[in-house]
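I have placed the structure first, in the form of structure tokens, so that the comments after it can refer back to it.
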12 protein chains.
Amino acid sequence: MDNVYKKIEVTGTSAKSMEEAVNQAVARAAQTIRHMRWFEVTEIRGAIEDNQVAQWQVTVKIGFALDD
Amino acid sequence: MDNVYKKIEVTGTSAKSMEEAVNQAVARAAQTIRHMRWFEVTEIRGAIEDNQVAQWQVTVKIGFALDD
Amino acid sequence: MDNVYKKIEVTGTSAKSMEEAVNQAVARAAQTIRHMRWFEVTEIRGAIEDNQVAQWQVTVKIGFALDD
Amino acid sequence: MDNVYKKIEVTGTSAKSMEEAVNQAVARAAQTIRHMRWFEVTEIRGAIEDNQVAQWQVTVKIGFALDD
Amino acid sequence: MDNVYKKIEVTGTSAKSMEEAVNQAVARAAQTIRHMRWFEVTEIRGAIEDNQVAQWQVTVKIGFALDD
Amino acid sequence: MDNVYKKIEVTGTSAKSMEEAVNQAVARAAQTIRHMRWFEVTEIRGAIEDNQVAQWQVTVKIGFALDD
Amino acid sequence: MDNVYKKIEVTGTSAKSMEEAVNQAVARAAQTIRHMRWFEVTEIRGAIEDNQVAQWQVTVKIGFALDD
Amino acid sequence: MDNVYKKIEVTGTSAKSMEEAVNQAVARAAQTIRHMRWFEVTEIRGAIEDNQVAQWQVTVKIGFALDD
Amino acid sequence: MDNVYKKIEVTGTSAKSMEEAVNQAVARAAQTIRHMRWFEVTEIRGAIEDNQVAQWQVTVKIGFALDD
Amino acid sequence: MDNVYKKIEVTGTSAKSMEEAVNQAVARAAQTIRHMRWFEVTEIRGAIEDNQVAQWQVTVKIGFALDD
Amino acid sequence: MDNVYKKIEVTGTSAKSMEEAVNQAVARAAQTIRHMRWFEVTEIRGAIEDNQVAQWQVTVKIGFALDD
Amino acid sequence: MDNVYKKIEVTGTSAKSMEEAVNQAVARAAQTIRHMRWFEVTEIRGAIEDNQVAQWQVTVKIGFALDD
């Protein structure tokens, strides 16, 4: 059978940067998912507190191979 | 680690209203998911029978916090 | 021949609710169309008068089976 | 000069229904804006608390005529 | 309770055709999911090797009924 | 007068392939429409039964010339 | 019953301008449709011949009131 | 501080042409806004009366520099 | 071999009108491209100077046949 | 009354990074707006000078609570 | 330097199938482009003649690696 | 003749950041293109290896002036 992949959608957060938010999303997903191959950013948002960006919230679709 | 959220996509149905359809989706998701925080409506459809709306079908993305 | 469906786009209106606007659209379409099966909401707008929502305008695509 | 309209984007909230959320948005906008003519729903979201929809959040673009 | 459905996103692949790629996605999903009802194609891509299409990659959302 | 075209939206179905579904849509439309010139695929979906693709459902917009 | 509107999609063409193409679409639709109220431009394309724009092709959705 | 711009959304109207509608939007905005730099057309609609285009309605986002 | 076409994306500009901007884009492309067949408008923007539209910027995808 | 929020669209710029551009947008908006709660990135562009990225231009919608 | 890829947009045609149309696009592109890696289907259209699909027209973006 | 611009689509990659990926895309394009003026980010993806983001892949449309 040819490979089949599943995509899940995860939102990572970070006080520091968009990249860090994506890294968090991938790191957390790694706790339960194996064979992750790629991600696609689908949304970039964030929280504002005290007139400053308090949190970056980046949503990614993560694609991973399903075991045969 | 900053919070990470997962989004799943669920379609609720109701013979009565769009709100009821969303409520059904959230209630059913609650049977297996904890820490639900928000939803986003992504699609509104429905079934027609005997020339009348027989069922509202509202799809929502539900965001919930992943445990650390 | 497998079934073939046609979709038409209709805007229903109501002073009361979004559901009522869709019901109006379906009821009116039923005067000339048979075998309606489903609808898809494509746009939600409305009129404002005297600082209040005066009319809900909901556009739906209605799918119906074409007779063989 | 032909009429010119401005559109602003407002998010109304309600514990009860989507229509109520839009009504709230329009009512609040009426405190500072005159000559409102129409609205367009651009986003439907909400908050979930205790496994139930706690708040409907409906974003509308509101169009109003600019005085000459 | 009215029916509730969940949608998951799966990418099937095939060296032969788009239909085969979708079939692969559905067949693989069937190993762990019951009550699948419909699919929606959301993306069609592919790999090119030696100046030829080497693999069709079709992503589908698969809707399935959740047990009560 | 320059040519004017109308577009209608039709969903063809087939147990076999996407192309066959489009062919069905065009063949059925031909029973009542003349001067068809082009089509645009707007949606690809399908039904799943017994863990297999049971039906391809392809929606096309069909453009045809209006007689003067 | 509140008003109900139908939208049809028509492509007008003109060698001269986009406005003329829309005018053509509306004029042709007027031969068979009554109570037209508004239009929405959904696509602007055209044909090129001899390195020049030979034809503007503007597609509009035309909304018209359905008689009670 | 680097430059910051604000975008507002304005709908201009004209009985004559799309360009004139945009000109009206910009001219009206100029009564209250300074430092306008660019516009982006986001929607083209219009009103039909007596089977003819009676009014072009073009919505633009207008970007202008905020003073430091 | 069936015909194959390539699409390129070009932004034409004009102080006068949208049509003129497209004409400029096509005329310039003609200096290096042969067999142009059609265009699709993908974006309409412009520059504002002294509170007036100073330049129309219309982006088109231009399709042209590739020689065998 | 339930809370009502307004969204404005602001483009921040920075020679350094996307995050910095968003920070600039929020900082500038803070000069005239209170109760900012969240932002949504809607567009990422930039200027190129001397074959290098000279400026990041990130557009955000900023949501803020309206006072009762 | 990390790899950089260019995407071009090509429309392949075929009297037979969508896959064949994509194959044609890739085969023709191979005459002038090296290092093609992937494609993304962006549009599916076709021509109708004598009430039948006469030609499938599938547009793909083709990604290829740029030489260092 | 008014200025005419061409847009090309390029994907830059970087192990480090999104900004770096865009810089790579612009730097590589500079080897063959002159008069680059602006870019627009159209897609953000990436590769995952060993449960970590291994590569940022940012696609930009680059606009450059065509010589007269």
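Some points to look at:
- Rounded to whole Å, the principal axis extents of the Cα atoms in chain I read 54, 20, 13, largest first.
- Rounded tilt (10° steps) of C:18-29 against the dominant C-alpha axis of chain C: 40
- Among the residues of G:42-55, the average count of other protein chain beta-carbon atoms within 10 Å of the residue beta-carbon is 6.
- Overall form of the protein assembly as shown per C-alpha gyration tensor (a/c, 1.5; a/b vs b/c): rounded
- Note on chain L: with a GNM built from Cα contacts shorter than 10 Å, the maximum mean-square fluctuation among L:R45, L:R37, L:R28 falls on L:R37.
- Cross-link pairs exceeding 29 Å between alpha carbons, from the set B:K61/C:K61; F:K61/H:K16; F:K6/J:K61; C:K61/D:K7; B:K61/J:K61: F:K61/H:K16; F:K6/J:K61.
- Within the listed set K:V41, K:V26, K:V58, the residue fluctuating most in the Gaussian network model of chain K (springs between alpha-carbon atoms under 10 angstrom) is K:V41.
- Association of chains I and G removes close to 1200 square angstrom of accessible area from solvent, both sides included, for a probe radius of 1.4 Å.
- From the alpha carbon centroid of region I:10-29 to that of chain E is 43 Å.
- Per residue accessible area in Å² of chain J, where ligands, DNA and RNA are left out and the probe is 1.4 Å: 40
- Put a plus charge on the Cβ of each Lys and Arg, a minus charge on the Cβ of each Asp and Glu, and nothing anywhere else: the dipole of the protein assembly as shown about its Cα centre is then about 0 debye.
- Interface residues, region F:7-26 - accessible area loss of 40 Å² or more versus chain alone, probe 1.4 Å: F:K7, F:E9, F:T11, F:T13, F:M18, F:E19, F:Q24, F:V26
- The accessible surface of chain I, taken with every protein chain in place and a 1.4 Å probe, is 39 percent carbon and sulfur.
- Paramagnetic reach from G:R37 (point 7 Å along Cα→Cβ, amide N under 13 Å) across region H:26-56: H:47-49
The values are calculated or read from the model by the stated rules, or taken from the named source; none is laboratory data. What you see is a predicted model, and the numbers here were worked out from it, not measured in a lab. Here the Cβ is made from the backbone with ideal geometry for all residues, glycine too, and neighbour counts use every protein chain on show. Side chains included, ligands, DNA and RNA excluded: accessible areas come from the protein's heavy atoms. Shrake-Rupley method; radii C 1.70, N 1.55, O 1.52, S 1.80 Å.
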